[in-house]
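Chemist: Here it is: the structure, laid out below.
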Amino acid sequence: SVAGAENLFRTYFSLGLATPGAKHVQEPGYELCLGNVDHPVCNFAGRVRLDPWVANQLVEIAIERRAFNVYSAPGNSPDSRELRDEILVRAGFQRSYCLQQMLWDSKQAQGRIDLQLAETASERREVANFMSNQFFSRHSIIFRRSVADATVHASRLDLYTIRQRGDIVAALMIAEDANVSGLFNLCVKPHEQSRGWGTAIVAEVCGRAYDNGRVVCLQCDETLAPWYERQGFVRSGWVDVYGLSDERRIAIIN
């Protein structure tokens, strides 16, 4: 889905550009987020229009950074996923992983739950810390704080929670465009998992989208796709993520 991919890129740029010192660079063949944190959260290329020259330009950018991703998605050029892969691999990138793109099929969702919007800065901080700790528990405290800071300051992204006795049980991020609701960062406390929270949250998000004439999109690891299919989503494409291969990095350095 081209609309889903565009929602993804807007979300990634919102987060990346909210990190300290990050900048947006737009060139004929790509758009970049370049930041000071050594992580692809703020060092990546998206909206690519690939040819060998563009791919080599991206290699030169990647070699200067410890972490840098190139995202290849529906709506990028060339239209063929296989051809985009060939161009990037020949330049020296390798596919690191793939995200399954999924769309909700727009049927009325059953079962609703009260999602609480984080409206104040302190509420957004609490949710951002919760998400960062859930997704990046193996990273340093400094890195988790950087991701949380970016989440707090990415004001176009709405943060929601489910709470029990005042404590966060689950959280998610919603990125809304005119016709699309992007579902991101759905996470549930480990000891609260497998209790139906995720199903209830997805039903609520899809119900709200249905009421407002929006499509719900998301990207997930392929292993999670069957679960989302049971929630009413269908597979709609792939987002391929590339990093510079070790062989290419060594060859350039030498």
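Chemist: Classify the stretch 54-126 as rounded, prolate or oblate, taking a ≥ b ≥ c as the square roots of the eigenvalues of its Cα gyration tensor: rounded when a/c is under 1.5, otherwise prolate if a/b is larger than b/c and oblate if not.
Modeler: In terms of gyration-tensor shape, oblate.
Chemist: To the nearest µm²/s, what D does Stokes-Einstein give for the stretch 158-224 at 37 °C and 0.692 mPa s, using the Kirkwood radius over alpha carbon pairs as Rh? Show your work: numbers first, answer last.
Modeler: Details: Rh = 12.7 Å.
Here the translational diffusion coefficient equals 259 µm²/s.
Chemist: Just the ratio, please: alpha-carbon radius of gyration of the stretch 1-75 over 2.2 N^0.38 Å, N its number of residues.
Modeler: Taking the Cα Rg and dividing by 2.2 N^0.38 Å, one obtains 1.03.
Chemist: Compute the whole-percent fraction of alpha carbon pairs in the stretch 111-159 spaced more than 19 Å apart.
Modeler: Roughly 28 percent, rounded to a whole number.
Chemist: Percent of alpha carbon pairs in the chain separated by more than 30 Å? Write down the numbers at each step before the final one.
Modeler: Working: 9139 of 32131 pairs.
Counting pairs separated by more than 30 Å, the tail of P(r) holds 28 percent.
Chemist: Next up: Looking at the square roots a ≥ b ≥ c of the eigenvalues of the Cα gyration tensor of the stretch 14-137, which shape do they give, rounded for a/c under 1.5, prolate if a/b is larger than b/c, or oblate?
Modeler: oblate
Chemist: If you average 1/r across every pair of different Cα atoms in the stretch 113-229 and take the reciprocal, what Kirkwood value do you get, in Å?
Modeler: It works out to 14.8 Å.
Chemist: Using the Karplus equation 6.51 cos²θ - 1.76 cosθ + 1.60 (θ = phi - 60°), what ³J(HN,Hα) coupling, rounded to whole Hz, does each residue of the stretch 138-145 give in order, writing x for Gly and Pro?
Modeler: Per residue, the Karplus-derived 3J(HN,Hα) values read 8, 8, 5, 4, 4, 5, 4, 5 Hz.
Taken together, the values in this text are just the output of simple stated rules run on the coordinates, not laboratory data. Computed from a predicted model, the values in this text were never measured in an experiment.
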